Structure formats: C-alpha cells, structure tokens
1. Output yes when any residue across the range 234-242 is outside any helix (DSSP H, G or I), modelled with pLDDT of 90 or more and under 14 Å from Ala284 (Cβ atoms), and no when none is.
2. Which residues, counting only those in the range 38-60, are modelled with pLDDT of 90 or more and among the hydrophobic types (A, V, I, L, M, F, W, C)?
3. Quick one: what pairs do we get from the range 356-381, first residue under 13 Å from Asp393 (Cβ atoms) and open to solvent by 30 Å² or more (accessible area, probe 1.4 Å), second at pLDDT 90 or above and in a helix (DSSP H, G or I), C-beta under 9 Å, 6+ apart or different chains?
4. Which numbered condition in (1) over 22 Å from Leu407 (Cα atoms); (2) open to solvent by 40 Å² or more (accessible area, probe 1.4 Å); (3) at pLDDT 85 or above is the only one that Pro262 fails?
5. For residues that are at pLDDT below 90, surrounded by 20 or more Cβ atoms within 10 Å (Cβ to Cβ) and of a type in the set (A, V, I, L, M, F, W, C), tally how many sit in the range 187-221.
6. State the number of residues belonging to the range 283-326 that are of a type in the set (D, E, K, R), more than 24 Å from Ser374 (Cα to Cα) and buried (at least 17 other Cβ atoms within 10 Å of the Cβ).
7. Is the range 386-403 home to any residue that is under 30 Å from Leu273 (Cβ atoms), part of a helix (DSSP H, G or I) and in contact with an Asp or Glu (Cβ under 9 Å, 6 or more places away or on another chain)?
8. Only one of Gly42, Gly47, Gly99 is surrounded by fewer than 20 Cβ atoms within 10 Å (Cβ to Cβ), over 23 Å from the mean Cα position of the chain (by Cα) and under 30 Å from Glu359 (Cα atoms); which?
Amino acid sequence: MAADIDFTAFFDATPSPYLVLDTDLVIRYANRAYLEATKRTGPELIGKYFFTALPANPGTAADAERNLKASLRRVLDTGSPDTLVLQRYDIRAPGRPSGYEERWWSTIHTPIPAPDGTVAWIVQRSEDVTAFIRSGRARRLTEEFTEREKGMAAELYVRARELHRLNQELREAHSRARQVAVALQEAMLQDRDLTRHDDNIAVRYLPATRSLNVCGDWYDVVDLPPDRYAAAVGDVVGHGLQAAAVMGMLRSALSAAIRAIPSPAQALEVLGLYARSVDGAMAATAVKVLIDTRSRLIIYSNAGHLPPVLVHADGTCELLDQATDPPLGARPYHVPRPQAGVSYTPGDTLVLYTDGLVERRDEDIDAGLGRLTSVLSRHSGLAPDPLADAVLDRLGVTSGAPDDIALVVIRL
C-alpha cells in the first residue's frame, strides 16, 4: 500500500535545493533549500522563465547559460536525466560591485514523464559546491584535508567523471539507435510498387523529433490491376528499433493480404490474426482503403485508427468514420470487421495520416481534426505534393513533431 505523503512538505524539509520546471522552462516550484541557496523568495521565482528569474552573470563566459540550456534541452529531447558537473552559475547580489556573487554548482536534471511517455516536468537538483571550489584544494588530496573534505573531493570528482562519461555514452547510444531505426523505417517505406498513379499520390514520413521516440508509423500503397489500387497507414505502439521492426512486419503482412483478398475488412482481419503472433504488435492501429477507379468507389475499414479525410473539389471535407473497429488483436476472439463504401468524383482528394499529425498535448483530438480539415479545405485546389507540404507547414510540423508522422495524399 502506497504511503500517504505530502510531497510539498517532503521537499520543503529536504536540505538539498530542488526546483521544478515545466517544458517551457518556467519555474513551477522551488523548495526552501533552493530559495535559501539562491537568496530569492518564492514570488521572485515561481511562474517565471528560469533564465529571466535567474539570469547568468554577463561578466562571465557565456558558457554558463549555454551549458544549462543544453542540459535542459537534452532532458526534453531524450526523456533521460542529465548531469552538469562543476558548473559556474553566479547569482545576483545587488550589494556587490559586479552585481553578482560567484557560485559553483553540481546539477542533475531529472525528467518526470506524462502518462503518454513525454516529458511533463523537469526536476533540478543543484548542490552548491562553491566553498569547496574556493578552498583551492579541489584538485589535490593532501594531508591538509579534513576527512570530510577528502570524502567530498573523492565523491565529487570520481562520480563527476563517471557520470560525464556515462552520459556521453548514453547520448551516443541513443543517437545510434535512432539513426538505425529511422534508416530501417525509411528503407521499408520506400518499397512500393505503384507506378500508374504515382503522379496523383504524395507520401510523407517524418520521424519523431525526440531522439528516443522513433516509433512505428507507416504507410503503404499497392497497385491492383486493372482498375483498383489500395492505400493504408498504421501505427505500432512503442518506440525504437522494436517498434520499427514490428511496423515492417505488419506493413508487409497487410500488403500481401490485400493482394490476395481485395477487401479492406478481410485484409485487416488477416492482419489482426497475424498480430496476435507478433510480440509488440498488439493494439497497433491501421486503416485500409481500396479505390476502384472504374466504379469511382472508395471501400475502407478501420482498426482503431484516425479516420481518413475525403476532400471534395469544392473544399468540403468528409471523415470516413463509418467502419471503425478496435485496434489489432484487441478482441479475445475473432469478429468480422466492418467495411463501408463512399463514392467520389474525379478531382476529389483522399488523405490518410497518423496521429502525430493532429494530436497535441492537453487538447481534444477533435480540435486537431478540425485544424486538419480547415487546412485541407483552404488548399483543396493544390496538387498532391504541394498539398502535403502545405498540410505539414500549416499544422506546424514541417520539422517534425514529438511523435512520428505518416501522410498519404491521393488525388482521385
């Protein structure tokens, strides 16, 4: 049973200085030890941007603020703790000629995740080691040191060097893992056999901006001669190489299924059965559409994914949400999936996408869908390639987003 703890009282009682920042680097909490260490009051810090409330000393090297910002940015990007060893960061002291008092800190930034895995808060623990640095003996252990000073020196420098080395190795490992995952995704997503309709189709894939958040978003386009072709997008739960590998297996399985069974619902049924045998594939989402150019009909089925958008030539948008079912493998037993059809007029545009395009933190998904349909309505006259670029630009994700984005734009 969890203890009933008042964490504000707990942090106020601890002798170590603690600060809590939100993702905009605004100070949301400072314990008593932090206020005492910085000689500030709560109103002087709470609710203020960190570097406004605690500006760096302009009389020192610019490295102080740059290093602190870089550490905070690494925490936001990686979702992992980051350590700054022996960082000078002076505090304001109006009574001094320079207006600042020299201070040295050993700082650890630790992320607190939100339910979706993204960083919600950053806890800063800053130990003031100024007195030790000023002793002039920080780089040598002699008999003049007291036992306490020897312990501090050994712990500070041995741990600092080790933490710095481990942090660097972790950053390099994370970077390599992300590069491999992105390369794997891009290699698989470039594999498509459509040629007759290439001029009418634009595809985009943007990996997540956070270095550890390479995910399992994918798209696929399949030619089904003589007068049909199919498209799909999907999203695998999880991050990293495992998600990328599962993405490749599900994409290949669905691509094969639609060739053998040209029914979106039945193809997703086959994929759902297959997903049960693949570790990490459960609860993945996908939407499959079949376009019949002779009858001018779109047939679709949706396994827990966001609805495709049919943009008519006059700019009106229609969400294809009449055949939605739970994600892959969500049911303990097999149930036929629903399927729906909608007619289209030449010149209409079909848009498929993954949730990274429209989902935003602390916002209802309907707001994101509303933004997407508004952009599509305003730019419905554009050809697929410029329309895809306009969507990414107007939704503010041209340079990527916290989650992967897959986008397929088809001019019918």
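The values are calculated or read from the model by the stated rules, or taken from the named source; none is laboratory data. Everything numeric here is computed off the predicted structure, so don't read it as measured data. Note that we place each Cβ from the backbone using ideal geometry, even for glycine, and neighbour counts take in every protein chain shown. Remember, those area values only see protein heavy atoms, side chains included, never the ligands or the DNA or RNA. Shrake-Rupley method; radii C 1.70, N 1.55, O 1.52, S 1.80 Å.
1. yes
2. Leu45, Ile46, Phe50, Phe51, Ala53, Leu54
3. Hits for this filter: Arg371/Arg394; Arg378/Ala390; Arg378/Arg394; His379/Pro386; His379/Leu387; His379/Ala390; His379/Val391; His379/Arg394.
4. Exception for Pro262: condition (3).
5. Total satisfying the criteria: 5.
6. The qualifying residues number 2.
7. No, that holds for no residue.
8. On inspection, the qualifying residue turns out to be Gly47.
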